[in-house]
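Undergrad: My structure is below; once you've seen it, I'll send some questions.
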Amino acid sequence: MASKFGLAGGIPERRVRPIWDAIDSRQFKNALKQSTTLLSKFPNSPYALALKALILERMGKPDEALTVCLNAKDLLYKNDSVLMDDLTLSTLQIVFQRLDHLDLATSCYEYACGKFPNNLELMTGLFNCYVREYSFVKQQQTAIKMYKLVGEERLLLWAICSIQLQVFCGNGGEKLLLLAEGLIKKHVASHSLHEPEALIVYISVLEQQAKYGDALEILSGKLGSLLMIEVDKLRIQGRLLARAGDYAAAASIFQKILELCPDDWECFLHYLGCLLEDDSNWSNGVLKDPIHPPKFIDCKLSHLADEAFDSCMSNAVAFIQKLQADTSNNILRGPYLANLEVERRKHLYGKGDDDKIMEALMQYFFRFGHLACFTSDVEVFLEVLTHDKKTEFLEMLMKNSESNSAVPTKELGKSITLLKVQELVGKMYRLPKSELEGSAVQMAEMYCKNLPLSKDLDPQESMHGEELLSMVCNILVQLFWRTGDLGYFVEAIMVLEFGLSIRRFVWQYKILLLHLYSHMGALSLAYEWYKSLDVKNILMESVLHHILPQMLESPLWVDLNNLLKDYLKFMDDHFRESADLTFLAYRHRNYSKVIEFVQFKERLQHSNQYLVARVEAPILQLKKNADNVEEAECVLDSLKCGIHFLELSNEIGSKSLTFNEDLQSRPWWTPTSEKNYLLGPFEGISYCPRENSTKEREANLRRVIERKSLLPRMVYLSIQSASTLLKENIEVNGSVSDPKISSELKFLLERYAKLLGLSLSDAIEIVVGVSSGLKPSSAITPDLIDWLNFAVFLNAWNLSSHELAQPDGEGRRPVTWHIVDSLLEKYISEVVRSIDPIICAPWIDLPILVQLVTEPLAWHILVLQSCVRSSLPSGKKKKKGGQDLSNSPLTHAIRESIQSLYGTVENVMKWLREQIRRPEDENLETILSYVQKTGQNEGPGQVFKILETYISSVNDAELGERISEAVKSWSPADVARKIITGKCTVLSEFLKICESKFKSLKTLKQQISQV
């Protein structure tokens, strides 16, 4: 690196080069040694200090690196004779950026630019700093200064991009766009433009102001020749004409594009839209979500007269026929899908002919029915047909799919397509149970029969007919939901494990298994399959939703910690480094990417998943340390006593959230992480719609995150409230010395109650009513964990405020202690009783039990520990005149509360040990008995029987060595053992948590006896 710059700060290159070589080869100790030697010879060189700071930062010594950097910065400021070059400043910037002190790097460049106002290199460095800070106004000001200095086109475009960013991502308005337009016009008049990107930026500035005519004039003038690729130029021209409302000219342009690129489906939709004078695609109010694009294209057709509509349609049909005739490439789908789109538009206008749509669908099937994409291609067109017509179309498909194809893979593809269409229109799930089982058996047989087709494929290539096992799984899960028979559920797992034993790279099987194991309660297995997906980088944002919600409710804290840490590290690293991509786009004159990178970064910053992870990561640390009040206080201190999260909860209301999950990859039974059809009764629907109500999801998520973000502060205040309770500074009237704790906790309780949909007084009434049996349990069941957290914090507040009811009739127990104890005991024991002891049964209530123990019960233990700690004598003898607390009502309440929790946790531990100690052979036999049913021709096990029969008759020569060995390696007993181990791992981790709580309560019992 040094060789590129020669001298730096007056230091010869030969002295600097070995240090950079050592840094590049990661020999940091050697580099530090050489750097120290260099500093001894050049003690007043900021560059030598910057080099040393860089080495220290790479060695993991951030504090030392910052100190050295600040020394270098002081030298730059104080010594006017010091050479202030870009290499010194850029090295300092690297270190400051890595240490999260980018503002210090910016101040260095600002000082240097103030000292040398005409140095373009330093000003470029300052611009880079503002890019990293996303300071668009200062970017613009600096770029204009540089442009005025040298008049370069690229610097003008830096300024224009900075203005556009203010409009897109800031509060900039039309006046800024007028300024941008004026700057470009002035430059064009004096220098013209020389880069295609410059022309695109100019057009985009005009387009943002709806000056489509001006943009078209520029595009058709001399500057238009900058765009060398004709199709790109035509696309811009067509878009501008359509936005300007000149639909006839736009249609003509899009027609030219289609003649050059007949498979451009988006262009065909634009062409048809322009023919029909439909501005749906061009309306400025249309919000396009790149993550979840709409399946169905909105159309405006009512404004057209019948004759005009008929004329447009006949023109479109004639053009489509010409396209098909001119297209020699038979694999292009666009010209044939176009027929279907025309028929769909006719149907939407009210002139549709179902028979013509079905005929077009059949023609498309004959040509492309063997492709895996057929079903997704025609989904939108099937929607316009009535139920009866869909059934008729299916019958037509079945009749015409019987002819054997000369190519086995095509024949298999068409057979799979037929099954997928049945699934798509809902016919599959309307079948009687026996016929549905028969379909699953048919698919399994088809899969096994066609395995030899994949004999010569590479292991990482998709096998022919892979979709069949996913469809079998979907049917078996549907049967489980319909009948409640666990055998179907176990069979679905066996089928997917069979598929993965043959080819380990099928991500669809892994995701299905992940959700099946999660539902069953074998979350450690689900997590293993998630890890096998090898999700990295930005995929974490779109795929993590498959596992994160379940892990947040699990006792697998080590795995959860790793999951959150990896995700947050990627996101934070991306935010730190995304500016590098932005500046790189500036340097390479790719200005459209500048805006794209900034908008992408903003989308990620508003990610709902990122917000959840930021809140849950510290709460996890609090849970892990909730058995010891001193350790919990250390965690809370690191969180600034929860104040930061209070600020976050205040911001949530005004912050828009983005949803970047790939929901299409989720199974049918859980279309979003909040919805699981299997948790409810069979609804009798033909298929389960994929829900994607973003507004509703966003509103619910806001409430959840806000409640969660209040927790650290409320736990902290509860501990403080309890710690002042029994101290000798309590006044005679019972009020504590610091009323701020009580008032703030009350304020937060009011907020918490509001998030539950009630006022504080109404929430208190419900908690008291449920605990005493006067109100039904259903009043708090939907948000059980939140309600019990509320009860715990309510009790802690009442310790210092005494605003609620006084002790019970015997004068011994304050009512709020009894409320918390009774609620925890009641619901924990109910959940334990509700969990099905069968090893393969879905343990739906286990996550609730885990949350009850690790949240409200854990916070209550912290309150108890704080009370007991403050009541213990500080010395060997009690102070003279001190109160005897051993017989006070409060001490009795604390003692009984400890005993209640002690018994509750002991019962949970007893249940866990019973489950874990159950003989493996017994569990193994139970699982296999659900699928290994001899002599039965219906019910669970029919697909399993097909697979077992196939394995026993494998032909090695026909399948090939690799597939043959893989098929034989599948063992149902091994799968059953995996299930047992997976569930026992979860129980064992939960048992460790309970044992830790039990130990804390045992210690508390001993301590309270000393009071």
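Undergrad: What per residue convex hull volume, in Å³, do the alpha-carbon atoms of the chain yield? Kindly include the intermediate steps, with their values, before the conclusion.
TA: Values: hull volume 243.9 nm³, N = 1011.
For the chain, the hull spanned by Cα atoms encloses 241 Å³ per residue.
Undergrad: At 1.567 mPa s and 4 °C, plugging the Kirkwood radius over alpha-carbon pairs of segment 554-667 into Stokes-Einstein gives what diffusion coefficient in µm²/s? Numbers along the way, then the final one.
TA: Details: Rh = 16.6 Å.
Diffusion coefficient, whole number: 78 µm²/s.
Undergrad: Find out how many positive minus negative residues lie around GLU528, taking Lys and Arg as positive, Asp and Glu as negative, among other residues whose Cβ is under 11 Å from that of GLU528. Working shown, then result.
TA: On the way: positive: LYS510, LYS531, LYS978; negative: ASP559.
Here the count lands on +2.
Undergrad: What is the packing order of peptides 67-75, 902-910, 511-519, taking the mean over residues of other C-beta atoms within 10 Å and listing the highest first?
TA: Values: 67-75: 19.7, 902-910: 17.7, 511-519: 24.4.
The most tightly packed comes first, giving 511-519, 67-75, 902-910.
Undergrad: Next question. Add -39500 (n - 2.57) for each DSSP H run of 4 or more in the chain, then divide by its residues: what number comes out at 222 nm, to the nearest 500 deg cm²/dmol?
TA: Values: 48 runs with 700 residues, N = 1011.
Per the formula, -22500 deg cm²/dmol.
Undergrad: Quick one: which of 138-144, 701-707 comes out on top by average Cβ neighbours within 10 Å, and what's the full order, highest first? If you can, show how the numbers build up before the last one.
TA: On the way: 138-144: 22.0, 701-707: 19.0.
Per-residue Cβ counts within 10 Å, averaged per peptide and sorted highest first, yield 138-144, 701-707.
Undergrad: Rounded to the nearest 0.05, what FRET efficiency do ASP74 and ALA305 give with R0 = 45 Å and r taken as the Cβ-Cβ distance? Could you check?
TA: Working: r = 79 Å, r/R0 = 1.75.
With R0 = 45 Å, the Cβ-Cβ based efficiency is 0.05.
Undergrad: So for the chain, averaging the separation of alpha carbon pairs under 8 Å that are six or more residues apart and normalising by length, what relative contact order in percent results? Could you put the intermediate results ahead of the total?
TA: Numbers: 1133 pairs, mean separation 94.1, N = 1011.
The normalised contact order for the chain reaches 9 percent.
Undergrad: Also, I was wondering about something else. Which lysines does LYS945 reach when only Cα atoms under 16 Å apart count, and residues fewer than 8 places away in its own chain are ignored?
TA: The qualifying lysines are LYS449, LYS933, LYS968.
Undergrad: Where only protein heavy atoms count, and the probe is 1.4 Å, what is the accessible area per residue for the chain in Å²?
TA: 44
Undergrad: For segment 500-609, how big is the tail of P(r) above 22 Å, as a whole percent of Cα pairs? Intermediate values should be presented prior to the final figure.
TA: Values: 2674 of 5995 pairs.
It works out to 45 percent of all Cα pairs.
Undergrad: If you don't mind, there's one more thing I want to ask. Using the crude model of +1 on Lys and Arg Cβ and -1 on Asp and Glu Cβ, and no other charge, please compute the dipole size for segment 520-618 relative to its Cα centre, in debye to 20.
TA: Values: 11 positive and 13 negative charges, 88 e Å.
So the dipole magnitude of segment 520-618 works out to roughly 420 debye.
Undergrad: Follow-up question, since we're still on this one. Take each of the peptides 424-434, 318-328, average the number of other beta-carbon atoms within 10 Å over its residues, and list them starting from the highest.
TA: Highest mean packing first, the order is 424-434, 318-328.
Undergrad: Here is a further query. For the chain, give the percent of accessible area contributed by carbon and sulfur heavy atoms, probe 1.4 Å, rounded to a whole number. List each step's numbers first, then the result.
TA: On the way: 22860 of 44720 Å².
Heavy-atom surface of the chain belonging to carbon and sulfur, 1.4 Å probe: 51 percent.
Undergrad: If you keep only loop residues by DSSP, which GluC sites (Glu not before Pro) in segment 144-182 have at most 16 other Cβ atoms within 10 Å of their Cβ? Intermediate values should be presented prior to the final figure.
TA: On the way: sites: GLU152, GLU153, GLU174, GLU181; in loops: GLU152.
In loop regions of segment 144-182 (DSSP not H, G, I, E or B), the sparsely surrounded GluC sites (Glu not before Pro) are GLU152.
Undergrad: So, one more: Give LYS675/LYS826; LYS601/LYS655; LYS61/LYS569; LYS624/LYS1002; LYS740/LYS997 a once-over and call out the pairs whose C-alpha atoms are over 22 Å from each other. Write out the running numbers ahead of the final one.
TA: Details: LYS675/LYS826 27 Å; LYS601/LYS655 15 Å; LYS61/LYS569 19 Å; LYS624/LYS1002 18 Å; LYS740/LYS997 31 Å.
Going by Cα-Cα distance, LYS675/LYS826; LYS740/LYS997 fall outside the 22 Å limit.
Undergrad: Below 13 angstrom from the Cβ of SER25, what's the summed charge of the other residues (Lys, Arg +1; Asp, Glu -1)? Write out the running numbers ahead of the final one.
TA: Values: positive: ARG17, ARG26, LYS29, ARG58; negative: ASP21, ASP24.
Net of charged neighbours comes to +2.
Undergrad: Report, in listed order, any pair from LYS322/LYS420; LYS708/LYS992; LYS390/LYS420 with a Cα-Cα distance greater than 20 Å.
TA: On the way: LYS322/LYS420 32 Å; LYS708/LYS992 24 Å; LYS390/LYS420 13 Å.
Going by Cα-Cα distance, LYS322/LYS420; LYS708/LYS992 fall outside the 20 Å limit.
Undergrad: If you average the C-alpha positions of segment 306-348 and of segment 197-271 separately, how far apart do those two centres end up, in angstrom?
TA: 22
Undergrad: Still on this structure, please answer the following. Place +1 on the Cβ of every Lys and Arg and -1 on the Cβ of every Asp and Glu in the chain, take the dipole about the Cα centre, and give the residue among THR658, SER969, GLN209 whose Cα lies farthest towards its positive end.
TA: It is THR658, whose Cα lies furthest towards the positive end.
Undergrad: Determine the sum of side-chain charges near TRP265: Lys and Arg each +1, Asp and Glu each -1, restricted to other residues whose C-beta is under 13 angstrom from that of TRP265.
TA: Numbers: positive: ARG333; negative: ASP263, ASP264, GLU266, GLU341, ASP377.
Here the count lands on -4.
The values are calculated or read from the model by the stated rules, or taken from the named source; none is laboratory data. Owing to the predicted nature of the structure, the values given are computational and were not obtained by experimental measurement. Note that each Cβ is placed from the backbone with ideal geometry, even for glycine, and that neighbours are counted across all protein chains shown. Heavy atoms of the whole protein, side chains included, go into the accessibility calculation; ligands, DNA and RNA do not. Shrake-Rupley method; radii C 1.70, N 1.55, O 1.52, S 1.80 Å.
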